[in-house]
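The values are calculated or read from the model by the stated rules, or taken from the named source; none is laboratory data. Source: prediction; values computed, not measured. Ideal geometry is used to build each Cβ from the backbone, glycine not excepted, and the neighbour counts take in all protein chains shown.
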Amino acid sequence: MEKIIELNKISFSYADIKAIDDISIEVGTGVFGLLGPNGAGKTTLLKIILGFLTPQSGLGRVLGFDITSSRKAVRKRIGYMPETECLIPGIDAVTFTAYLGELSGMPRQESIKRAHEVLYYVGLEESRYRNVETYSAGMQQRLKLAQALVHDPKLLLLDEPTSGMDPTGRKEMLGLIKDITRKASMNVIISSHLLPDIEHTCKKVIILNKGMVISEETIANLNQDNFNLFELKFKGNSEGFLKRLKAIRCRVESSDRGKYMVMLPADHSPGVLFKIAQEEKVQIRHFRQSRTSLEDTFMNAVEIANGN
Ligand SMILES: Nc1ncnc2c1ncn2[C@@H]1O[C@H](COP(=O)(O)OP(=O)(O)OP(=O)(O)O)[C@@H](O)[C@H]1O
Ligand SMILES: [Mg+2]
């Protein structure tokens, strides 16, 4: 597997706020979702990948380059659509996009040509000579995407790409992202707190909470077609019980308050959980089926990580 991103025991704190807590991940080619509630550390992680922030500990490689010693090489190959505003007022969209192309190392003429192309691609061809500060929130998002694409990066980082967009704009933005991800040569990471956005665009998702990776899943695995989700509390030999659950392909997420979320493959009936409990001399104290929409699975994972 070609490794696009490899992070090994990365931690980062803003003064006394630990934003990234000992994260180790490997991301291969394709499109990945980075999903997490507000404050989970998504933007911080993207900034570490970009080399904007230097982790206090840990090692990382992006596209084969070290994230601290080869920042320039990494950035040249990354397109970044930030979550916050990044537009330069007083210039039109073509000038802005071409300027960012040049900053990424493209010759001037080529960057101007590409600016026209990408602005057309994101649907801003008619407004491309308007000053960027006159753009609506939705148009600004499109322009932010255009500037991230202008130098044809190998890796595209999109931070909350649908933020501030109305339902139509959001749908179009997700459509554009999907179109981009079909182009095999571009690898994409989409950060969002909105599960439907990730579900629509990604096959794999990394769920982040409180600066930690709480789950790495394929969307299909998280999907209700394949699993039934149960909430359990039990007393007894947890090690043996959980081992047996894993042996029948259950996915289990735990919290230190003794609540477990068990994703039972749909080809097993719930009775198997009680049977195994009996065999392992475990008493089930609480048993509740949860709805297994992807949204619930995400919420449950976050709640468990929060110890609720
Ligand atoms: N410049 C900063 N100074 C101090 N603390 C910060 C700074 N930036 C982020 N944080 C804190 O770090 C943690 C992670 O923030 P981050 O912005 O990475 O989360 P996020 O997952 O991107 O959230 P959101 O979905 O709201 O964009 C939060 O607790 C946040 O308050
Ligand atoms: Mg963020």
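Some observations on this one:
- Lone unmet requirement of (1) in a helix (DSSP H, G or I); (2) within 16 Å of ligand 2 (Cβ to nearest atom); (3) in contact (Cβ under 8 Å) with a residue 24 or more places away in the chain for LYS47: (3)
- Yes/no for VAL252 being assigned to a strand (DSSP E or B) and either more than 26 Å from ALA40 (Cα to Cα) or within 17 Å of the chain's Cα centre (by Cα) (or both): no
- Checklist (1) part of a loop (DSSP other than H, G, I, E, B); (2) within 16 Å of ligand 2 (Cβ to nearest atom) applied to PRO55, failing item: (2)
- Unique residue being crowded, with 20+ Cβ neighbours inside 10 Å and touching a helix residue (DSSP H, G or I) at 6+ places or on another chain (Cβ under 8 Å) when the list is ASN187, ASN209: ASN209
- Of everything in region 10-44 that is polar (S, T, N, Q) and assigned to a strand (DSSP E or B), the residue that is nearest to ligand 2 (Cβ to nearest atom) is SER13.
- Restricting GLY123, GLY169, GLY164, GLY101 to residues that are in the same structural domain as VAL27 (by TED's automatic domain parsing), closer than 24 Å to LYS183 by Cα, out of contact with any Lys or Arg (no Cβ under 7 Å at 6 or more places or on another chain) and not β-branched (Val, Ile, Thr) narrows the list to GLY169.
- Test: residue in region 85-102 that is away from ligand 1 (no atom under 16 Å from the Cβ), in contact (Cβ under 8 Å) with a residue 40 or more places away in the chain and among the acidic types (Asp, Glu): yes
- Looking at ILE17, ILE49, ILE4, just one residue is surrounded by 14 or more Cβ atoms within 10 Å (Cβ to Cβ), β-branched (Val, Ile, Thr) and within 13 Å of ligand 1 (Cβ to nearest atom), and that residue is ILE49.
- Looking across region 59-82, the residues that are outside any strand (DSSP E or B) and more than 25 Å from SER185 (Cβ to Cβ) come down to THR68, SER69.
- Checklist (1) buried (at least 19 other Cβ atoms within 10 Å of the Cβ); (2) more than 13 Å from ligand 2 (Cβ to nearest atom); (3) more than 17 Å from GLY138 (Cβ to Cβ); (4) at pLDDT 90 or above applied to LYS178, failing item: (1)
- Of the residues screened, LEU7 is not one that is within 16 Å of ligand 2 (Cβ to nearest atom) and not β-branched (Val, Ile, Thr).
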